[in-house]
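Before any comments, here is the structure.
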Amino acid sequence: MKNEIIAMLLAGGKGTRLESLTRKMAKPAVFFGGKYRIIDFPLSNCTNSKINIVGVLTQYESIQLNEYIGSGTKWGLDGNHSRAVILPPRQKESGSSWYNGTADAIMHNIDFMDQYDPEYVLILSGDHIYKMDYDAMLQYHKKQNADVTIAVIKVPWEEASRFGIMNADINNVIYEFEEKPKKPKSNLASMGIYIFSYKKLRDYLLEEAKIDRDEHDFGKHILPKMLNDKQKMVAYEFDGYWKDVGTIDSLWQANMDLLDDNKLDIFNEKTDWKIYSEDTFQLPQYIASDAVVSNSLINQGCIIEGEVYDSVIFGSVKIEKGAKVISSVIMPNTVIRSGAIVNKAIVANDLDIKDKINVDSDKIVLVGE
């Protein structure tokens with residue numbers, strides 16, 4: 001079966017900085033934006049970019065994530081010539097082990113990629129929020145006749161030392177890669193999105209597999225090796241919204257950004273770039289006549305009797321009369337009781353909140369289990 005390009009989506013991360021949200025759930029399965037999960041975004045990008053084969057590499061606490069992905073129906077990846085395939089670590093004739101690094105995970109699935117005989121392979125992360133046309137990136141990769149194309153985004157100079165930085169010439173050819181440099185030479189940060197010419201990638205993966213080390217990583221091993229070997233590496237500059245939601249603060253901020261028309265637009269019906277997700281067929285939302293709702297996302301099945309300001313409210317949440325929610329994210333099936341005040345917080349799903357939370361603090365807090 002010949003496919004010009006297939007995608008490999010790395011979705012096995014532990015996500016320890018999201019604390020109790022990922023204690024029993026893989027980070028890509030974490031709730032986001034009132035009705036989505038984080039992994040909806042890269043999978044929807046694949047569908048909208050006409051990429052029909054997506055391998056989803058899972059590992060840490062993968063039960064909920066595997067169930068959610070299913071056969072790929074939510075994203076239209078379940079046809080005769082399209083599919084989303086879950087790829088957990090598995091026992092082989094040569095033995096078995098967990099995935100140890102991003103490149104190691106892809107190495108373990110060379111046989112999966114080989115069966116589609118692709119010319120190109122797109123490597124993605126399952127824990128970023130953004131809308132991106134991967135086909136435009138592929139056409140750029142072809143035009144540049146590159147061995148690998150790395151998506152980059154300009155970050156504020158004062159934040160550049162937190163990222164892997166790509167230094168490129170005027171033709172966007174990368175000549176240096178710096179991992180979290182103290183004094184960055186550019187502000188082009190890697191987004192962790194790569195397009196490889198598959199034959200080249202396959203050769204480097206097999207060569208890397210011969211080296212005995214604890215992990216095999218793209219950023220630490222494959223890309224520096226290719227750069228050292230003078231393979232053509234180019235930067236593809238992305239100018240849209242992109243957020244790594246790996247911390248409580250960044251997850252909160254990304255949810256708040258949905259309330260800003262100038263940030264990530266998920267409401268424009270004129271665009272074909274829909275973010276697909278699970279339709280839970282919940283009851284309609286109910287907002288009482290004396291409730292107050294301002295600049296907020298309220299999903300299906302919610303009962304709003306109290307006050308909600310600048311917040312993202314997931315499905316089947318109840319906010320009782322006399323309760324107040326301000327600049328917060330309330331995940332599904334949670335009840336905010338009368339007298340409770342929730343300010344600048346992320347509240348996990350299935351909780352019963354009766355307290356005043358974070359009323360006088362500017363720090364974002366997580367209310368977990």
Item checked: Extended-chain gain in nm, criterion 0.36 nm per residue less alpha-carbon gap, ASP352 and PHE281 -> 23.3 nm
Item checked: Distance in nm between pseudo-label sites at SER250 and ASP360 (7 Å out along the Cβ direction from Cα) -> 3.2 nm
Next item on the list: On a C-alpha basis, how far is the centre of region 315-369 from the centre of region 69-93 in Å? Whole number, if you could?
Entry: 36 Å
Checklist line | In Å², nearest 10: area of TRP157 left accessible to a 1.4 Å probe | finding: 140 Å²
Check: Which percent of the accessible heavy-atom area of region 316-369 goes to carbon and sulfur, probe 1.4 angstrom?
Finding: 43 percent
Next item on the list: Would you kindly state how much longer the chain becomes between SER97 and GLU207 on full extension, computed as 0.36 nm times their sequence separation minus their alpha carbon distance, in nm to one decimal?
Entry: 37.7 nm
Next item on the list: Sort region 24-86 into rounded, prolate or oblate with this rule: let a ≥ b ≥ c be the square roots of the eigenvalues of the Cα gyration tensor; rounded if a/c is under 1.5, and if a/c is not under 1.5, prolate when a/b is larger than b/c, oblate otherwise.
Entry: oblate
Next item on the list: Using only alpha carbon pairs under 8 Å that are at least six residues apart, calculate the relative contact order of region 159-281 and give it in whole percent.
Entry: 20 percent
Note to self: Taking 35 Å as R0, compute the FRET efficiency from the Cβ-Cβ separation of ASP260 and ASN171 and round it to 0.05.
What the structure shows: 0.50
Notebook entry, point to check: Going down the list LYS24/LYS154; LYS143/LYS230; LYS24/LYS185; LYS185/LYS225; LYS74/LYS263; LYS24/LYS243, which pairs span over 28 Å between their C-alpha atoms?
Noted result: LYS24/LYS154; LYS24/LYS185
Checklist line | Choice from VAL85, VAL121, VAL173 with maximal GNM fluctuation in the chain (Cα, 10 Å cutoff) | finding: VAL173
Next item on the list: Determine, from the Cβ-Cβ distance of ASP239 and LYS182 and an R0 of 30 Å, the FRET efficiency 1/(1 + (r/R0)^6), rounded to the nearest 0.05.
Entry: 0.65
Next item on the list: State whether region 202-263 is rounded, prolate or oblate according to the following rule on the C-alpha gyration tensor (a ≥ b ≥ c being the square roots of its eigenvalues): a/c under 1.5 gives rounded; otherwise a/b larger than b/c gives prolate, and the remaining case gives oblate.
Entry: oblate
Next item on the list: Would you mind pulling out the separation of the Cα centroids of region 275-296 and region 1-59, in Å?
Entry: 25 Å
Notebook entry, point to check: When only C-alpha pairs under 8 Å and at least 6 residues apart count, what is the relative contact order of the chain, in percent?
Noted result: 15 percent
Notebook entry, point to check: At a 1.4 Å probe, what is the % contribution of carbon and sulfur to the accessible area of region 1-142?
Noted result: 46 percent
Notebook entry, point to check: With every protein chain left in place, what is the accessible area per residue of region 274-369 in square angstrom, probe 1.4 Å?
Noted result: 48 Å²
Checklist line | DSSP-assigned coil residues among chymotrypsin sites (Phe, Trp or Tyr not before Pro) in region 281-310, each with at most 15 further Cβ atoms within 10 Å | finding: PHE281
Checklist line | Cβ-based charge dipole, the chain, positive-most Cα from ASN167, SER44, GLN64 | finding: ASN167
Notebook entry, point to check: Given labels modelled 7 Å from the Cα in the Cβ direction, how far is it in nm from TYR309 to ARG337?
Noted result: 2.4 nm
Check: Taking the Cα centre of region 228-321 as origin and charging only Cβ (+1 Lys, Arg; -1 Asp, Glu), how large is the dipole, in debye to the nearest 20?
Finding: 240 debye
Checklist line | region 216-257, accessible surface, carbon-and-sulfur percent (1.4 angstrom probe) | finding: 43 percent
Note to self: Rounded, prolate or oblate, given the Cα gyration tensor of region 142-230, with a/c below 1.5 counting as rounded?
What the structure shows: oblate
Checklist line | In nm, spacing of pseudo-spin labels at SER71 and LYS24 (7 Å Cα→C-beta vector) | finding: 2.9 nm
Notebook entry, point to check: Which value, in debye to the nearest 20, gives the size of the charge dipole of region 42-118 about its Cα centre, when Lys and Arg are +1 and Asp and Glu are -1 at the Cβ?
Noted result: 220 debye
Notebook entry, point to check: How large is the accessible surface per residue of region 187-256, computed with a 1.4 Å probe and reported in Å² as a whole number?
Noted result: 45 Å²
Item checked: Value of [θ]222 nm, deg cm²/dmol, for the chain, DSSP H segments ≥ 4, -39500 (n - 2.57) each, nearest 500 -> -5000 deg cm²/dmol
Margin query: Please give the charge dipole size of the chain, origin at the Cα centre, charges +1 on K and R Cβ atoms and -1 on D and E Cβ atoms. Round to the nearest 20 debye.
Written below: 260 debye
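The values are calculated or read from the model by the stated rules, or taken from the named source; none is laboratory data. Given the structure is predicted, the values throughout are model-derived calculations rather than measurements. Neighbour counts are summed over all protein chains in view; Cβ atoms, including those assigned to glycine, are modelled from backbone coordinates with ideal geometry. For the accessible areas, the whole protein counts, side chains as well, though only heavy atoms, and no ligand, DNA or RNA atoms are used. Shrake-Rupley method; radii C 1.70, N 1.55, O 1.52, S 1.80 Å.
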